[in-house]
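S.K.: Once you've had a glance at the structure underneath, I'll fire off some questions.
The values are calculated or read from the model by the stated rules, or taken from the named source; none is laboratory data. Only a predicted model underlies this, so the values are computations on that prediction, with no experimental measurement involved. Glycine gets a Cβ as well: all are built from the backbone with ideal geometry, and neighbour counts include every protein chain shown.
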Amino acid sequence: MRTIVILLLVLILPLPLFAQDAGKAPVSLQTEECLGCHIIVTPGIVKDWEKSRHSRTVPAEALKKDKLTRRISSESIPEAYAKVAVGCYECHGQNTDRHADSFEHNGYTINVIVSPTDCSTCHAVEARQYSGTKKAMAHGNLVDNPLYMTLANSILGHKSWVDGDLKAAPASSNSLSETCLGCHGTRIEVRGMKTIDTDLLGEIQVPDLAGWPNEGVGRINPDGSFGSCTACHPRHSFSIEIARKPYTCAQCHLEPDVPAWNVYKESKHGNIYLSKKHTWNFENVPWVLGEDFTAPTCAVCHNSLITNPDGEVLAERTHDFGSRLWVRLFSLIYSHPQPRKGDVTVIRNADGLPLPTTFAGEPAMEYLIDEAEQDRRKASMSAVCGGCHSTDWYTSHFDKMDRTIEEVDRMVHTSTRVMQSAWDEGLADAGNPFDEALEKRWALQWLFYANSIKYSSAMTGAPDYATFKNGWWELSRNLEEMKELMELKRSTQYSVPGTK
Amino acid sequence: MRTIVILLLVLILPLPLFAQDAGKAPVSLQTEECLGCHIIVTPGIVKDWEKSRHSRTVPAEALKKDKLTRRISSESIPEAYAKVAVGCYECHGQNTDRHADSFEHNGYTINVIVSPTDCSTCHAVEARQYSGTKKAMAHGNLVDNPLYMTLANSILGHKSWVDGDLKAAPASSNSLSETCLGCHGTRIEVRGMKTIDTDLLGEIQVPDLAGWPNEGVGRINPDGSFGSCTACHPRHSFSIEIARKPYTCAQCHLEPDVPAWNVYKESKHGNIYLSKKHTWNFENVPWVLGEDFTAPTCAVCHNSLITNPDGEVLAERTHDFGSRLWVRLFSLIYSHPQPRKGDVTVIRNADGLPLPTTFAGEPAMEYLIDEAEQDRRKASMSAVCGGCHSTDWYTSHFDKMDRTIEEVDRMVHTSTRVMQSAWDEGLADAGNPFDEALEKRWALQWLFYANSIKYSSAMTGAPDYATFKNGWWELSRNLEEMKELMELKRSTQYSVPGTK
Amino acid sequence: MRTIVILLLVLILPLPLFAQDAGKAPVSLQTEECLGCHIIVTPGIVKDWEKSRHSRTVPAEALKKDKLTRRISSESIPEAYAKVAVGCYECHGQNTDRHADSFEHNGYTINVIVSPTDCSTCHAVEARQYSGTKKAMAHGNLVDNPLYMTLANSILGHKSWVDGDLKAAPASSNSLSETCLGCHGTRIEVRGMKTIDTDLLGEIQVPDLAGWPNEGVGRINPDGSFGSCTACHPRHSFSIEIARKPYTCAQCHLEPDVPAWNVYKESKHGNIYLSKKHTWNFENVPWVLGEDFTAPTCAVCHNSLITNPDGEVLAERTHDFGSRLWVRLFSLIYSHPQPRKGDVTVIRNADGLPLPTTFAGEPAMEYLIDEAEQDRRKASMSAVCGGCHSTDWYTSHFDKMDRTIEEVDRMVHTSTRVMQSAWDEGLADAGNPFDEALEKRWALQWLFYANSIKYSSAMTGAPDYATFKNGWWELSRNLEEMKELMELKRSTQYSVPGTK
């Protein structure tokens, strides 16, 4: 039956349909053959691709645009790819010798996973900018930091109830991939080949991948590259509109630990975005302030190429998403200057811990950017603010933010001192600083509440969020509860077994 | 004054306006008369209806469409309804002899409530599919399960402070209807007739209904039928666009207990929906994958008629919303195969409790679907996934989900063992397993946190939700807090009065 | 270099571009000069303004419209403003003698801040309606109420860890402005002049403002006026669409303390809005029920001018946002009739506290509206409901709401009695009723949970929100935890230092 279906397909499929539509670019013979079957078996992604710019232009044409309007950044495109649409084979058929996930599929050698290295054939600058950033390194930055893994294991590891106590096991690779590594990215490993049963072809052989599916930003790919372009440019439309809309960033940057999206939604900027986005142009390159959009989204401030209406560049395109950031709001356990390098596993604070600050708040400046670099980055962000706001306005805004960071970090410092007292008194066991109820309350202070207040301040306001949602109310309330819990424990002569 | 208004209305109202507009279908004489007054007294719903398909076509025409594009499912339509628009009287004037809520209104006998039985005149298949499902049975499934009502009463019942203790009363019918039954549906009862004062007509007599207003999915109607079509197809546009958009499902399936919408929003599918929905067609029947939409919504996976661009059916339309579901993610108190029947009050676990699993996790298989049925349902869902994803992709996805369900349920099992220890030690009173602070912490484990992680996994990822929002972080933290609370109680020789 | 840029600007700037575009109104000479530089330095706001009605019409023309369609409410417009577009200078150049923030800027005296008094030149009725309302008085209503400031300080003040106890400092002005006053509004004070460095002009002198930037609804402006029109009509488009969309209200009226937006989103009204808003007209004046929109938003019910399709007024426009509200859902600490006046600092309850009810629930009726006024307001709101719903429907709806308010307040009353017991027993110190962990749990009852349930009821349902999110589940759970915490404290002979 399946054989008949395939035969019929080969005989009657109107193949030129894919190649010669008005508005469509010519497709390669290989891609034409991919499409012949995949319009049957996975029509959704074929149609999605047909709506994409990849199907409607060829790189040679894309190269002819001037620098500001060009959407590909490589200086030249290999002959084989220059004059055909960017189709199935052009992406999945690249660099197969480097891909441990390459396999034979109906006469072609293709890769399951398209990596940043593959995309760099046309988008070289973006791939280069991205490589080595905190995002690209996000897998190792988590799993190679023993302190972070202590936290992850305390959250994700199975707990057993044994003799009236909870015994913890390490996190399973499944749970890690479903949680932390969903955003940070998995390490994809090829375990070999496996046989699967398909509707159209019956049994076929495909690579057996561990850590897959995954689209985390720091995924380690079977060709050795880091990252996943589809984290923000979802296949197979690779739509710039999707990448520019905040829902993309919001998949990972959200309440309660990194509430960028939640805060943005409640801000004036977010209000204008939500109210007027239907009148904006999310496809234009360059992205013109005042014409294409009238309030910032994540992409406006952090990475897009932004120009004034007269074509003057306000901000250069960058895929180093931290390159306009000087201070790291994200509390570990206090705010601090951004790390010098994307690989933050090398950082050691004055106490020898793999953290950018000590528990007392001292930053590990050797690993963090200096003041000159901070100023340079602040100026690049300010240039975006200045597209709408007066110098005084945004200067005053950042002054408020600086004061807020300082005030919040002081509250976190008090929380750490309370925690330290509990450890000193034997009311908690400092061995693992994240596993007990009291310690988790301490983590809430910096990981949820301090972060929330700082993000609210940075994004020009989400005052109710900073007050009652996950902000000052919780910061103060939780601190009182920590104190009270300690009093209760103390008055019952409670002590961690073995500490007294 | 009112009389004059009415007289003027009758004399000058441009009645043919309703009947003969371009693009409008002819309306019945009865409906014409309804519209004559209601364009004055409730113009909002008249205008809403005017925008609906009901006002623009007649059933006889709708019947002529071929099977795939047809929007009504009855084989034939009674003569009286076939050639006029589906107007006020066509719906409110049906089956008045069966309706306890029928009444005389300006010379016509009409019903306040239009029931699924009334809608089934044209939409017979949908009404039949829906009847007997968990949704249709949702009222009784809650109020006729004594264990669930123990939980509901412990949440909603008034508490008095008497001699240093909290005394609980049962939930009021008002609070039940404002909370649980808002989604599950009330039982509408006709208490008699009452006089109300209206602007246009002065005092009029209308049925006095208990449990009204309500649009819960399992509402028990005055004609004895179950359900409320307006729960998802809100009156009076009955828009398929609204029913297909996830905001409809999100009215009930949301954080913290059933966070389907919250998880979807954070997933890649949700991101694409939110970013590109303005380019989709939410009105087309059948709903064409890749053309009308490029990422799933709730309706795509669970109930819509979906075809490939070439017209091949990927999924049949169904109003049995569980028919593509094999495993019940919703923890009671562990995941388990879907129930065989919509009426789940009959279920008894091995301990004799009206629950689909025991506290130890053993499923009451006699009442749950067997493996063959599970496989059949999984295949029907997989067919939708396969519209965009390779066989290996969605197989690996479901494998991850299976592992996650197993891991989460193991954590819930540990929580239940901790709770059981508390009951055994007299640190809590097992009489009502839901009313004490410690017991409510146990309920959080399965009702909020386990559910959240499972939904996150099932919908291809909302990794931060599964980690920090209502997921593993809370599951582990709350477990530690349960343990610590028990330790504090134990060391203060606390015991539930009467248990020691 | 800067000088050269400016010279070039002056020479080559195509100034008439701003004045004579098709569809643009003539701009004043002063505004033309503003635009000449600001299209370079802040092009975003210039372009935003160009899209606004302010740039496309002149007040003299706007005045000619009939009463229903007119968008300005002043009876006459001063000659100087009547025949030019409402441009930069027309707003920033007004009443400079009254503005402490006026300054010389490139030859013109302008104000940094445009105040409601300035806007009242054209929008006199709105400014008058707004003045004296709770919103206009929002700054003083918070900071001049010593009890509220005790709460604010307990949340925002820095806590130090001294000898095993937490010592609290008052809130800083920075934290107040980043949280409470972000919505309530700051008091803007002119500290003098300061020098700032700008890209285009180098060093310039500008007023040095304390409390700025801020767009809170009760901001006290440098001309002595109260309020900030840009809180809802964000500059510089002043779009009525933005003001009418619920995202504007949602900047402040949201979870967890005032969850209006959260509840609306989950309601049927919110579902219809989210699903169909792309087909609505958010610009039309008057706003026509059934034609421009088919479900209410915040603005529909609370302040917009709403007419029937035949032009009959259902609701008059008002900028007194409480004028259709009779009961104050917001718990302080119980619901009560709305205050008579916007300045609520004058209220004293029977115990002498600045609260609209006593802790026992007795309302301070002397300061609250009487029944006749309550009925009048309920009727004005009901007229909006009646645009779509039958008299019986909305009457039954409000009956449910009344019962829910009563039930919830009874639960809050129990919580207050529990709290009172703790104070009486010395388990907490009543001196500051908001600073201890147990007291913060009591505040959660009325400030978060009671509010949430009442808002859910008022907005026709968000049943899951009222049940599990921040509703009955939390109300009951937290009450149990309060009791249990007291038991633990009691059994450990805990007492607040100095109370026993």
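S.K.: What is the number of the single condition among (1) assigned to a helix (DSSP H, G or I); (2) over 30 Å from residue C:421 (Cβ atoms); (3) away from chain C (no Cβ under 11 Å) that residue B:150 does not meet?
M.R.: (2)
S.K.: Right, next: Being outside the structural domain of residue B:182 (by TED's automatic domain parsing) and free of Cβ contacts under 8 Å to residues at least 24 places away in the same chain is the requirement here; does residue B:60 meet it?
M.R.: When the stated conditions are applied, residue B:60 passes them.
S.K.: Return yes when residue A:227 is buried (at least 19 other Cβ atoms within 10 Å of the Cβ), outside the structural domain of residue A:73 (by TED's automatic domain parsing), closer than 23 Å to residue A:92 by Cβ and not hydroxyl-bearing (Ser, Thr, Tyr) and no when it is not.
M.R.: In short, yes.
S.K.: Only helices (runs of 4 or more DSSP H) wholly contained in the range A:348-457 count here; list those with 2 or more residues that are over 24 Å from the mean Cα position of the chain (by Cα) and within 30 Å of residue C:41 (Cα to Cα).
M.R.: In the range A:348-457, A:371-385, A:391-425 are the helices (runs of 4 or more DSSP H) which contain 2 or more residues that are over 24 Å from the mean Cα position of the chain (by Cα) and within 30 Å of residue C:41 (Cα to Cα).
S.K.: Here is a follow-up. Restrict the check to the range B:346-355 and report whether at least one residue is free of Cβ contacts under 8 Å to residues at least 40 places away in the same chain and crowded, with 17+ Cβ neighbours inside 10 Å.
M.R.: Yes: one or more hits.
S.K.: Condition test on residue B:310, is it more than 27 Å from residue A:248 (Cα to Cα) and under 17 Å from the mean Cα position of the chain (by Cα)?
M.R.: In short, no.
For (1) under 20 Å from residue B:234 (Cα atoms); (2) of a type in the set (A, V, I, L, M, F, W, C); (3) crowded, with 16+ Cβ neighbours inside 10 Å, each residue gets a yes or a no:
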{"position": "B:34", "(1), (2), (3)": "yes, yes, yes"}
{"position": "B:38", "(1), (2), (3)": "yes, no, yes"}
{"position": "B:47", "(1), (2), (3)": "yes, no, yes"}
{"position": "B:54", "(1), (2), (3)": "yes, no, yes"}
{"position": "B:65", "(1), (2), (3)": "no, no, no"}
{"position": "B:73", "(1), (2), (3)": "yes, no, yes"}
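S.K.: Give the range C:193-209 a look and list any residue that's touching a residue at least 24 places away in the same chain (Cβ under 8 Å) and in a strand (DSSP E or B), or say none.
M.R.: Correct list: C:193, C:198, C:202, C:204, C:205, C:206, C:207, C:209.
S.K.: Collect the residues in the range C:376-398 that are among the aliphatic types (A, V, I, L, M) and touching a residue at least 24 places away in the same chain (Cβ under 8 Å), keeping them in residue-number order.
M.R.: Of everything in the range C:376-398, those that are among the aliphatic types (A, V, I, L, M) and touching a residue at least 24 places away in the same chain (Cβ under 8 Å) turn out to be C:381, C:383, C:384.
S.K.: Right, something else. Hey, residue B:139 hits all of (1) under 30 Å from residue B:353 (Cα atoms); (2) not assigned by TED's automatic domain parsing to the domain that holds residue B:177 but one; which does it fall short on?
M.R.: The number of the failed condition is (2).
S.K.: So which residues in the range A:221-260 are among the acidic types (Asp, Glu) and either part of a loop (DSSP other than H, G, I, E, B) or more than 7 Å from chain B (Cβ to nearest Cβ) (or both)?
M.R.: The answer is A:223, A:255, A:257.
S.K.: Additional query: With the checklist (1) within 23 Å of residue A:116 (Cα to Cα); (2) of a type in the set (A, V, I, L, M, F, W, C); (3) in contact (Cβ under 8 Å) with a residue 40 or more places away in the chain in hand, flag the one item residue A:147 doesn't pass.
M.R.: Going through (1) within 23 Å of residue A:116 (Cα to Cα); (2) of a type in the set (A, V, I, L, M, F, W, C); (3) in contact (Cβ under 8 Å) with a residue 40 or more places away in the chain one by one, residue A:147 breaks only (1).
S.K.: Sticking with this structure for a sec: Inside the range C:267-301, can you point out the residues that are farther than 18 Å from residue C:385 by Cβ, more than 9 Å from chain B (Cβ to nearest Cβ) and part of a helix (DSSP H, G or I)?
M.R.: C:277, the sole residue that qualifies.
S.K.: Conditions first: (1) within 13 Å of chain C (Cβ to nearest Cβ); (2) surrounded by fewer than 22 Cβ atoms within 10 Å (Cβ to Cβ). Residue A:315 passes all but one, so which condition is the exception?
M.R.: The one condition residue A:315 does not meet is (2).
S.K.: Tell me which residues, restricted to the range C:251-285, are among the aliphatic types (A, V, I, L, M) and touching a residue at least 12 places away in the same chain (Cβ under 8 Å).
M.R.: Hits for the range C:251-285 are C:258, C:260, C:263, C:272, C:285.
S.K.: Does at least one position in the range A:70-77 carry a residue that is at pLDDT 95 or above and outside any loop (DSSP other than H, G, I, E, B)?
M.R.: No: zero hits.
S.K.: Only one of (1) at the interface with another protein chain (Cβ under 9 Å from one of its Cβ atoms); (2) closer than 26 Å to residue C:266 by Cβ; (3) among the hydrophobic types (A, V, I, L, M, F, W, C) is not met by residue C:437, so which one is it?
M.R.: Residue C:437 satisfies every listed condition except (2).
S.K.: Within the bounds of the range B:99-121, is there any residue that is more than 26 Å from residue B:191 (Cα to Cα) and either among the acidic types (Asp, Glu) or buried (at least 22 other Cβ atoms within 10 Å of the Cβ) (or both)?
M.R.: No, because not a single residue in the range B:99-121 is more than 26 Å from residue B:191 (Cα to Cα) and either among the acidic types (Asp, Glu) or buried (at least 22 other Cβ atoms within 10 Å of the Cβ) (or both).
S.K.: Also, I was wondering about something else. Return yes when residue A:410 is of a type in the set (Lys, Arg), closer than 30 Å to residue A:294 by Cβ and within 7 Å of chain C (Cβ to nearest Cβ) and no when it is not.
M.R.: Answer is no for this residue.
S.K.: Is it the case that residue C:331 is under 21 Å from residue C:452 (Cα atoms) and modelled with pLDDT of 95 or more?
M.R.: no
S.K.: Looking at (1) assigned to a helix (DSSP H, G or I); (2) under 20 Å from the mean Cα position of the chain (by Cα); (3) of a type in the set (A, V, I, L, M); (4) closer than 29 Å to residue B:355 by Cα, can you tell me which one residue B:125 breaks?
M.R.: The number of the failed condition is (4).
S.K.: Now, a different point. If I filter the range C:70-89 for residues that are on the phi > 0 side of the Ramachandran plot and touching a residue at least 60 places away in the same chain (Cβ under 8 Å), do I get at least one hit?
M.R.: no
S.K.: Right, here's the next one. Does residue B:240 satisfy the criteria of being modelled with pLDDT of 95 or more, surrounded by fewer than 23 Cβ atoms within 10 Å (Cβ to Cβ) and closer than 25 Å to residue B:294 by Cβ?
M.R.: Yes, satisfied.
S.K.: If you take the residues in the range B:153-175 that are surrounded by fewer than 23 Cβ atoms within 10 Å (Cβ to Cβ) and assigned to a helix (DSSP H, G or I), which one is nearest to the other protein chains (Cβ to nearest Cβ)?
M.R.: That would be B:174.
S.K.: Residue by residue through the range C:257-309, note down the ones that are surrounded by fewer than 22 Cβ atoms within 10 Å (Cβ to Cβ) and among the aromatic types (Phe, Trp, Tyr).
M.R.: C:280, C:282
S.K.: Now for a different question. Evaluate the range B:326-339: report whether one residue or more is assigned by TED's automatic domain parsing to the domain that holds residue B:283, basic (Lys, Arg) and under 23 Å from residue B:229 (Cβ atoms).
M.R.: Checked against the condition, which is being assigned by TED's automatic domain parsing to the domain that holds residue B:283, basic (Lys, Arg) and under 23 Å from residue B:229 (Cβ atoms), the range B:326-339 yields no hits at all.
S.K.: A further question follows. Of all residues in the range C:399-448, which are touching a residue at least 60 places away in the same chain (Cβ under 8 Å) and of a type in the set (Gly, Ala, Ser)?
M.R.: Correct list: C:415, C:421, C:422, C:426, C:428, C:443.
S.K.: Which residues, taken from the range B:35-94, are away from chain C (no Cβ under 14 Å), polar (S, T, N, Q) and touching a Ser or Thr at 6+ places or on another chain (Cβ under 7 Å)?
M.R.: B:74, B:94
S.K.: Another question, then. Have a look at C:223, C:320 and point out the one that is touching a residue at least 24 places away in the same chain (Cβ under 8 Å), of a type in the set (Asp, Glu) and under 30 Å from residue C:103 (Cβ atoms).
M.R.: C:223
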